[in-house]
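The values are calculated or read from the model by the stated rules, or taken from the named source; none is laboratory data. Not measured: the values here are computed from a predicted model. Using ideal geometry, Cβ is built from the backbone for each residue, glycine included, and neighbour counts are taken over all protein chains shown. These accessible areas exclude ligands, DNA and RNA; they are computed on the full protein's heavy atoms, side chains included. Shrake-Rupley method; radii C 1.70, N 1.55, O 1.52, S 1.80 Å.
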Amino acid sequence: MQPVRVAWALAAAAAALSLLALFQAHFLREGQLAAGTCEIITLDRDSTQPKRTIARQTARCACRKGQIAGTTRASPACVDAHIVRSRQWCEMMPCLDDEGCDLLVNRSGWRCAQPGGRVKTTTVSYSAGMSSLTS
């Protein structure tokens, strides 16, 4: 009797996955993002200066109402829009779990400090309705 239950459970799981795949294929066209998700489009690194790497990334996000593209745990993510409007960057938890977050003095970005002393500084700039992050 037990193998029959296992077989039915596996069949139900396979059917659920098939329905999910069909749903995504029907409602998400090629190149569309699911609501609340982001993807990195470009990532440029400049290591020409000693002990310093400048990284610029562009991300595309499909955020829900009341959200805007931001950074969570060093990855692009949709965050509450009030965080960006108020420039309280550390509220979106942009640093990794073992890093501390500090706002820059002019609130143009944030610093993530690792326990070993390494510091990553991120600044936000706006142009033509888009924002870019430079680390």
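Accessible area, 1.4 Å probe, largest first: how do GLU39, GLU91, GLU99 sort?
GLU91, GLU39, GLU99
Could you work out the relative contact order of the stretch 37-134? I mean the mean sequence separation of Cα pairs under 8 Å and 6+ apart, divided by the number of residues, in percent.
The normalised contact order for the stretch 37-134 reaches 18 percent.
Place a +1 charge on the Cβ of each Lys and Arg in the stretch 37-134 and a -1 charge on the Cβ of each Asp and Glu, then give the dipole magnitude about the Cα centre in debye, rounded to the nearest 20.
The calculation lands at about 220 debye.
How far apart, in nanometres, would the label points at ALA74 and ASP97 be if each is projected 7 angstrom from Cα along the Cα-to-Cβ direction?
1.3 nm
Across the stretch 33-49, in residue order, what do the Karplus-derived ³J(HN,Hα) couplings come to in whole Hz, using 6.51 cos²θ - 1.76 cosθ + 1.60 with θ = phi - 60° and x for Gly and Pro?
9, 6, 4, x, 10, 9, 9, 7, 8, 9, 9, 10, 10, 10, 10, 6, 8
Given the protein chains as shown and a 1.4 Å probe, how many square angstrom of CYS38 are accessible, to the nearest 10?
40 Å²
State the percentage of accessible surface on the stretch 37-134 attributable to carbon and sulfur atoms; use a 1.4 Å probe and exclude ligands, DNA and RNA.
Taking all protein chains in place, the stretch 37-134 shows 51 percent carbon and sulfur surface.
Taking the Kirkwood radius as the inverse of the mean 1/r across Cα pairs, report the Rg/Rh of the stretch 37-134.
Dividing the radius of gyration by the Kirkwood radius yields 0.95.
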